[in-house]
Each structure stands twice: as C-alpha cells, then as structure tokens.
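Student: The structure that follows is given in the form of structure tokens.
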Amino acid sequence: MVIICPNCKKKHNIDERMIPANVTRAKCKFCGKHFSLPKAGETLVIDNKARNEEKSPRKISVSLSKGGVGKTTTAVNLATGLALAGFKVLLVDTDTQGQASYMLGVNPKAGLTELVMGELEPEVTMVQARERLWLLAGGKSLAGVKRLIGRKDFGGELTLSEALGGVDKQFDYVIVDTSPGWDPLTVNILFYVTEVLVPVSLEVMSIQGLIEFLKSIASIQKYRPGVSLKYILPTFLDKRVGKSLSILGKLQNLYGNNVCEPIRYNVRLSEAPAYGQTIYEFAPGSNGANDYRELIRKVANDNKLFR
Ligand SMILES: Nc1ncnc2c1ncn2[C@@H]1O[C@H](COP(=O)(O)OP(=O)(O)OP(=O)(O)O)[C@@H](O)[C@H]1O
Ligand SMILES: [Mg+2]
C-alpha cells in the first residue's frame with residue numbers, strides 16, 4: 001500500500017503484511033513526524049490535496065546585489081542541510097563563478113546552461129552531489145543564457161521558469177544561488193522562485209544595500225506578485241565587534257519575524273570549500289554547522305530536526 005505522510009507529503013511504499021496488528025502509528029523516515037496508519041480494511045491512503053501539493057516544490061532564492069555576503073555559502077549549506085534532513089533538493093547555481101560545484105567537490109560536465117538551451121536531455125544536466133541532493137551547475141557558459149534572454153522579443157523573464165518547470169516537480173525544495181549585481185538572470189530568478197532569502201552581512205552599509213535590493217524586489221512584485229521576501233539572514237556575526245550587534249538589533253526592529261537567527265563568523269565555513277566539503281562534513285560540531293542547522297529548522301518549520 002502507499003501511505004503519504006500528512007506532514008511532508010512523501011510517499012511510502014509499505015508491505016502491509018509486515019505491519020504488526022497492534023501497531024497503529026508510524027514515523028516518516030523523511031521528516032521524522034509520527035502519523036496514524038490506515039485502519040484495518042483501508043488499503044490506500046492518498047488524499048488528493050496531498051497529491052497536488054506534492055507536485056510543487058518550495059522554491060527559494062538566496063539573493064542580494066551586494067557581493068561577498070555569504071550567498072553561496074548559505075545556498076550550499078541550506079540545500080545540503082535540507083537533504084540531510086530527508087528532503088529531496090535541487091540546488092541551482094545561476095552564477096558565472098560556478099562556485100557551488102567547487103564547494104561540493106564535484107565537477108559536472110553540464111549544468112543550467114545546457115538545460116536552458118535545450119542542448120541535452122534534462123536528466124543529464126543535473127548531477128547528484130550528495131544523497132537526495134542534485135546540482136544544476138553554473139559557470140562561465142551562463143553568459144550564453146543571458147544573451148539568449150536578451151534576444152527574446154517577449155517573455156525573456158520566464159526563460160528560467162520554463163526550463164526549470166520541466167524538472168522541478170520531483171523535488172521538495174529548489175534552492176537557487178544568485179550572483180551579485182542585477183542582470184536579466186536575476187530578474188528571471190525572481191520570476192521563478194516564490195520565496196527570497198536575503199543574507200545580510202553585519203557590517204556598515206549593509207542595511208542600505210538591503211533596502212535598495214528590497215526596492216528592486218518590489219518592482220518585480222508588480223508583475224509577479226507570487227514572489228516575496230521570506231527570510232533575512234544576518235551573516236558574519238562577530239560579537240566582539242560592537243557594530244555587528246547594533247546592526248543586528250536594527251534589522252530585528254525593522255523586519256521582526258523575517259529575521260533568522262544569525263550565522264556567526266566562523267573560519268571553518270571559509271575553510272570547508274577548499275576540501276569540497278559542506279560544513280556538516282568538514283566541521284560538524286562547529287558554530288557554522290550549528291548555525292546553519294538552526295536555519296534549516298526555521299526554513300523547514302520543524303524544531304525537532306537534527307536534535
Ligand atoms: N559565516 C562566515 N564566517 C566566515 N567566513 C564566511 C562565512 N560565510 C561565508 N564566508 C566566506 O566568505 C567568503 C564570501 O562568501 P560567499 O562566497 O558565500 O559570498 P557570496 O555572497 O556568495 O559572494 P558573491 O557575491 O561573490 O557570490 C567566502 O570565502 C566564504 O567561505
Ligand atoms: Mg556567491
């Protein structure tokens with residue numbers, strides 16, 4: 001029989017003959033939540049709402065025009081952390097720097113460019129980087145995608161949505177890493193995702209950069225109301241630097257509940273990429289790993305994860 005977890009909507013194929021008669025509850029091996037098993041006589045538990053929801057992943061971009069604020073570090077560790085938590089995740093690298101592959105220690109032969117250009121079968125453009133984690137790599141070739149978008153007479157802003165729409169249904173989460181600056185690909189990302197996570201480095205001028213970026217999102221929202229700022233993630237928190245805490249306080253006053261627990265400055269986070277490892281592999285007990293686990297709990301809305 002097929003049972004769908006009421007919490008994370010994952011399907012479980014279960015041989016009912018293996019369930020002892022006195023067992024009435026089960027634990028989902030993906031999200032860890034307990035739920036009731038179907039009563040005797042019921043063979044299939046599929047609710048149609050769950051079936052429809054199952055087809056739509058959560059689509060989150062990690063974006064800010066300012067460079068070096070921890071976007072790629074966050075996208076990679078958010079995606080890998082969600083995969084570790086049991087979700088099936090697609091990480092999309094839309095940056096010509098192509099750093100997500102480097103951080104994950106993989107060397108894909110194809111990626112987002114080949115998917116968007118339709119040069120290869122979609123399945124071969126995605127490389128499996130970890131258990132439950134697939135990567136659509138970025139890199140220099142994305143310049144061709146930007147030219148393609150520019151050449152379109154109309155609908156250029158939907159180029160990414162059309163390409164990803166063909167592959168994203170099988171995932172629980174699609175996490176999009178964004179390059180610094182603002183270009184046609186940035187606009188495409190905001191036409192594709194529904195949630196935006198903005199990392200804000202706790203240094204002077206950071207709030208100004210955030211306000212400018214939020215204005216840009218607002219201008220997109222006029223045409224694409226489905227996208228919204230969901231999370232502000234303070235990064236590079238260094239409690240020894242007084243300004244760091246005062247900027248954090250300002251962010252919390254301005255944006256309240258949207259502000260996540262901060263990611264502390266942690267040298268382990270900057271060392272891990274050279275080994276092609278995520279922070280959970282490189283330094284699982286570090287502040288960096290613990291801070292990103294806290295972010296996963298907030299995004300997945302599950303306080304029990306990793307406890
Ligand atoms: N919390 C942290 N503590 C210490 N170092 C960090 C932290 N977060 C990121 N770093 C390091 O800071 C540098 C910039 O981070 P990252 O590449 O993630 O930023 P980015 O916003 O993606 O940059 P870009 O705008 O160029 O794409 C990297 O060397 C990274 O390893
Ligand atoms: Mg980056």
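The values are calculated or read from the model by the stated rules, or taken from the named source; none is laboratory data. Remember, predicted model here, so these are calculated numbers, not experimental data. Every residue, glycine among them, receives a Cβ derived from its backbone with ideal geometry; neighbour counts consider all protein chains shown.
Student: Please pick out the residue among Lys59, Lys71 that is among the charged types (D, E, K, R) and within 30 Å of Val2 (Cα to Cα).
Tutor: None of the others qualify; the one that does is Lys59.
Student: Evaluate region 208-222: report whether one residue or more is away from ligand 2 (no atom under 16 Å from the Cβ), touching a Leu at 6+ places or on another chain (Cβ under 8 Å), aliphatic (A, V, I, L, M) and not in a helix (DSSP H, G or I).
Tutor: Step one: filter region 208-222 for residues away from ligand 2 (no atom under 16 Å from the Cβ), giving 208, 210-212, 214-222.
Add one more test, that the residue is touching a Leu at 6+ places or on another chain (Cβ under 8 Å), and what stays is 210, 214, 217, 220.
Filter again for aliphatic (A, V, I, L, M), leaving 210, 214, 217, 220.
Cutting the leftovers down to not in a helix (DSSP H, G or I) gives us none.
So far as region 208-222 goes, no, none of its residues is away from ligand 2 (no atom under 16 Å from the Cβ), touching a Leu at 6+ places or on another chain (Cβ under 8 Å), aliphatic (A, V, I, L, M) and not in a helix (DSSP H, G or I).
Student: With a cut-off of at least 2 residues that are out of contact with any Asp or Glu (no Cβ under 8 Å at 6 or more places or on another chain) and of a type outside the set (Lys, Arg), name the strands (runs of 3 or more DSSP E) lying wholly within region 57-140.
Tutor: It comes to 127-130, 133-136.
Student: Could you list, in sequence order, all residues of region 174-202 that are of a type outside the set (Val, Ile, Thr), surrounded by fewer than 23 Cβ atoms within 10 Å (Cβ to Cβ) and in contact with a helix residue (DSSP H, G or I) (Cβ under 6 Å, 6 or more places away or on another chain)?
Tutor: Pro184, Phe191 - these are the residues of region 174-202 that are of a type outside the set (Val, Ile, Thr), surrounded by fewer than 23 Cβ atoms within 10 Å (Cβ to Cβ) and in contact with a helix residue (DSSP H, G or I) (Cβ under 6 Å, 6 or more places away or on another chain).
Student: Also, I was wondering about something else. What are the residues in region 250-289 that are within 20 Å of the chain's Cα centre (by Cα), near ligand 1 (Cβ under 9 Å from one of its atoms) and more than 20 Å from Lys239 (Cα to Cα), if any?
Tutor: Residues satisfying the conditions are Ala272, Pro273.
Student: Then there's this: So is Ala110 over 18 Å from Asn188 (Cβ atoms), buried (at least 24 other Cβ atoms within 10 Å of the Cβ) and in the same structural domain as Leu190 (by TED's automatic domain parsing) or not? Steps first, answer last, please.
Tutor: Details: over 18 Å from Asn188 (Cβ atoms): yes; buried (at least 24 other Cβ atoms within 10 Å of the Cβ): no; in the same structural domain as Leu190 (by TED's automatic domain parsing): yes.
Against the criterion (over 18 Å from Asn188 (Cβ atoms), buried (at least 24 other Cβ atoms within 10 Å of the Cβ) and in the same structural domain as Leu190 (by TED's automatic domain parsing)), Ala110 does not qualify.
Student: Shifting gears a bit: Please give the number of the condition Leu305 fails out of (1) in the same structural domain as Leu84 (by TED's automatic domain parsing); (2) aliphatic (A, V, I, L, M); (3) not in a helix (DSSP H, G or I).
Tutor: Among (1) in the same structural domain as Leu84 (by TED's automatic domain parsing); (2) aliphatic (A, V, I, L, M); (3) not in a helix (DSSP H, G or I), the lone unmet condition for Leu305 is (1).
Student: Please identify the pairs in which a residue from region 149-177 that is in the same structural domain as Lys88 (by TED's automatic domain parsing) and among the polar types (S, T, N, Q) has its Cβ atom under 8 Å from the Cβ atom of a residue that is in a helix (DSSP H, G or I) and surrounded by 12 or more Cβ atoms within 10 Å (Cβ to Cβ), counting only partners at least 6 apart or on another chain.
Tutor: Final answer for the pair search is Thr159/Val116; Thr159/Val145; Thr159/Leu148; Thr159/Ile149; Thr159/Asn188; Ser161/Asn188; Ser161/Phe191; Ser161/Tyr192.
Student: For region 154-205, which residues satisfy the criterion of being more than 18 Å from Leu233 (Cβ to Cβ), small (Gly, Ala, Ser) and outside any helix (DSSP H, G or I)?
Tutor: Scanning region 154-205 gives Gly155, Gly166, Gly181.
Student: Next up: Being of a type in the set (Asp, Glu), without any contact (Cβ under 8 Å) to a residue 60 or more places away in the chain, buried (at least 18 other Cβ atoms within 10 Å of the Cβ) and away from ligand 1 (no atom under 12 Å from the Cβ), is that true of even one residue in region 52-68?
Tutor: No, region 52-68 contains no residue that is of a type in the set (Asp, Glu), without any contact (Cβ under 8 Å) to a residue 60 or more places away in the chain, buried (at least 18 other Cβ atoms within 10 Å of the Cβ) and away from ligand 1 (no atom under 12 Å from the Cβ).
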